[in-house]
Every structure is written in C-alpha cells, then in structure tokens.
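Here is the structure we will look at, set down as structure tokens.
The values are calculated or read from the model by the stated rules, or taken from the named source; none is laboratory data. Computed from a predicted structure; not experimentally measured. Here the Cβ positions follow ideal geometry from the backbone for every residue, glycine too, while neighbour counts run over all protein chains shown. Calculation scope for accessible area: heavy atoms of the full protein, side chains included, ligands and nucleic acids excluded. Shrake-Rupley method; radii C 1.70, N 1.55, O 1.52, S 1.80 Å.
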Amino acid sequence: MAEVVITQSGSVLEVLFNRPEKKNALTRAMYAAVVDAFHRADADAAIRVVLLSGAGDTFTSGNDIRDFQSRSVTNEASHASPFLDALSSLATPLVAAVNGAAIGVGTTMLAHADLVIAAHSARFVMPFTSLGLVPEAASSLLFPRLVGHQRASALLLLGEPMDAETAHEWGFVNQVVADAELMTTARAVAARLAALPPEAVRLTKDLIKNGRGDVPGRIAQELVLFGQRLRSPEAAEAFQAFVEKRKPDFSRFS
Ligand code: COA
C-alpha cells in the first residue's frame, strides 16, 4: 500500500498519510506525493476540495527524524520546501481531518488549511526548539496572529502540547468531534464546500489568505535558518537521542 494514498471521491481529492507503523512520519517521497496531489487538484476543474487525513492513530508525527539526520550530513536543501510552497499556494480549498498526534509540520501545515476538523484524540505539538530547530511553514508568523503572542510562544518556544479542546477554544480548529465521527464529519464539510460555486470559493479563499502577511517570505527566511539548524550539534544530539530512545542532553551547549 502506498505511503500516501490519493483517492478521488466525486469532486473531493482525499489525501491520506499512510505510514501508520511510523506514525505517518513524512519522508521525501511522501512530500513529493502530496505535492503532486496538490498540483493535480489545482489543475483539474473537476476537483473542488482536497481532504487531508492520517491513517491509524496519528495524523502525522511530522518530518521523518532519520531523514533529518541524513539531510544534516548531506547538506541537502529541505525536502519540505516544495511541499510548503505547494501548500501555501494551493488554490483549491483544503480541509484537514486530524486524529491523534500532529507533530511539527503536522501542526504547522494546518495553519494553511481552510477548515480543520479535530477528533477528541487530536494533540498538536511543535517541538522545534527541543530538536535544536526553528519553526517552519511560516508558523512563526501565523501562530502569533492565530492564537496571540504569549500562547504562540508557549507552543513554539516551550513546545507545549495543545489538546483538541484548547485548539478549538483558541480558534485553531473549527470543530471537535468523537474519533469515530471524524471522517464522516470531515467528508460532510468537504461535500458542502464542493457543492458551492467553485470560482467564488477559490476567490474567497484567496481573499482570506491575502491578509496574512508575507507568508512565502517567512517560509523562505525560516528555511534558511532551519537548514543551518539541521547541521547544528544541538540538533544532532536531539536526533540521536530520538533514535536511541533516550532523553537528549543539551548541558554541554552554550
Ligand atoms: N520520524 C521517524 N520515525 C518516527 C517518527 C518521526 N517523526 N515518529 C515516530 N516514529 C517511529 C518511531 O521511531 C517508532 O519506530 P520503531 O517502531 O522502529 O521504534 C514508531 O514510529 C512508533 O513510534 P513510537 O514513538 O514508538 O510511538 P508512540 O505512540 O510511543 O509515540 C509519537 C508517538 C508520535 C508521540 C512519537 O513517536 C514522537 O514523538 N515522534 C517524534 C515526533 C517528532 O519529534 N517529529 C519531528 C517534528 S519537527
């Protein structure tokens, strides 16, 4: 079974992260598959909505940490960069259905979704600093605006988790539903959007997103720092600790 499953259901393109044994951690190939799906949606007038979800008990545990380790050795450009470009410029409305953990880019990508439906089990975490990294996907710009400066600092500086109810209270998700009802609810929302006049929907999405500041500029700025941080000794210690299933030790860093 593919690690990203793309299914067209009427005028909705469903994109499923499907690597449940690794908590849907995103590899380079998975990012590429999602980028293709986004491009396909924007190129095909018959597709009116994209619906994003994760298989198993997790939305996605974010970027694959072993991929982070290999990138820090090879000095490669970010795998996530084309994904972030495609996500932030997607013209087709994007609905996300989130259950379980949404970690790192698993949370930051949701700031680019138009509607987010969360299951009670959803838990949003952006542990960038504890991995020796900095935020990405323009989250350093979008989160202070979305939830306020101090809350964004707790989420992004401390890496504090946000549960589904808190995310709803803070306006990060539209609705919280029972886990068993997540996909039915998200599909109903996607169907409502898909039934509306498509050009009016796309124009409205564009207008709403217009007021969010220089998102592409911030994505690029963050990625420069992110690439440097991937090669830092702090990040190397964090990644190795994850692989060795131990607590990282940052005491030697100044
Ligand atoms: N990258 C690579 N592998 C990952 C991963 C990731 N982001 N997230 C989970 N996995 C792997 C684990 O290494 C484990 O593999 P193994 O069975 O070969 O040992 C498997 O997925 C299951 O994960 P596990 O940690 O045992 O499950 P859990 O239910 O105890 O915890 C998470 C789930 C998502 C909370 C936890 O795996 C986690 O915190 N992952 C890292 C998230 C992260 O820091 N992402 C980067 C953000 S920038």
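Here is a list: Asp64, Asp42. Which entry is modelled with pLDDT of 95 or more, open to solvent by 10 Å² or more (accessible area, probe 1.4 Å) and more than 8 Å from the ligand (Cβ to nearest atom)?
Asp42
Could you count how many residues in the range 8-61 are farther than 15 Å from Ala80 by Cα, in contact with an Asp or Glu (Cβ under 6 Å, 6 or more places away or on another chain) and part of a loop (DSSP other than H, G, I, E, B)?
The total comes to 2.
Evaluate the following for Val95: is it surrounded by 24 or more Cβ atoms within 10 Å (Cβ to Cβ) and away from the ligand (no atom under 16 Å from the Cβ)?
Against the criterion (surrounded by 24 or more Cβ atoms within 10 Å (Cβ to Cβ) and away from the ligand (no atom under 16 Å from the Cβ)), Val95 qualifies.
Here is a list: Ser121, Ser130, Ser153. Which entry is in contact with a Gly (Cβ under 7 Å, 6 or more places away or on another chain), of a type in the set (S, T, N, Q) and in a helix (DSSP H, G or I)?
Ser130
Say whether the condition of being at pLDDT 95 or above and either touching a strand residue (DSSP E or B) at 6+ places or on another chain (Cβ under 6 Å) or within 16 Å of the ligand (Cβ to nearest atom) (or both) is met by at least one residue in the range 77-85.
Yes, there is a match, as at least one residue in the range 77-85 is at pLDDT 95 or above and either touching a strand residue (DSSP E or B) at 6+ places or on another chain (Cβ under 6 Å) or within 16 Å of the ligand (Cβ to nearest atom) (or both).
Among the residues in the range 160-172, are any buried (at least 18 other Cβ atoms within 10 Å of the Cβ), away from the ligand (no atom under 16 Å from the Cβ) and closer than 19 Å to Phe226 by Cβ?
No, the range 160-172 contains no residue that is buried (at least 18 other Cβ atoms within 10 Å of the Cβ), away from the ligand (no atom under 16 Å from the Cβ) and closer than 19 Å to Phe226 by Cβ.
I'm checking my understanding of the structure. Among residues of the range 198-254 that are open to solvent by 30 Å² or more (accessible area, probe 1.4 Å), within 15 Å of the ligand (Cβ to nearest atom) and among the charged types (D, E, K, R), which one is nearest to Ile47 (Cα to Cα)?
This residue is Arg229.
Among the numbered criteria (1) within 16 Å of the ligand (Cβ to nearest atom); (2) at pLDDT 95 or above; (3) open to solvent by 40 Å² or more (accessible area, probe 1.4 Å), which one does Ala138 miss?
(3)
Within the range 162-247, which helices (runs of 4 or more DSSP H) (wholly inside it) include 3 or more residues that are in contact (Cβ under 8 Å) with a residue 24 or more places away in the chain, under 18 Å from the mean Cα position of the chain (by Cα) and within 19 Å of Val125 (Cβ to Cβ)?
164-169
Filtering the range 105-127 down to residues that are open to solvent by 10 Å² or more (accessible area, probe 1.4 Å) and more than 28 Å from Ala195 (Cα to Cα), which residue is nearest to the ligand (Cβ to nearest atom)?
Pro127
Given the conditions (1) out of contact with any His (no Cβ under 8 Å at 6 or more places or on another chain); (2) touching a residue at least 24 places away in the same chain (Cβ under 8 Å); (3) among the hydrophobic types (A, V, I, L, M, F, W, C); (4) under 12 Å from Ala97 (Cα atoms), which single one is not true for Leu157?
All conditions are met except number (4).
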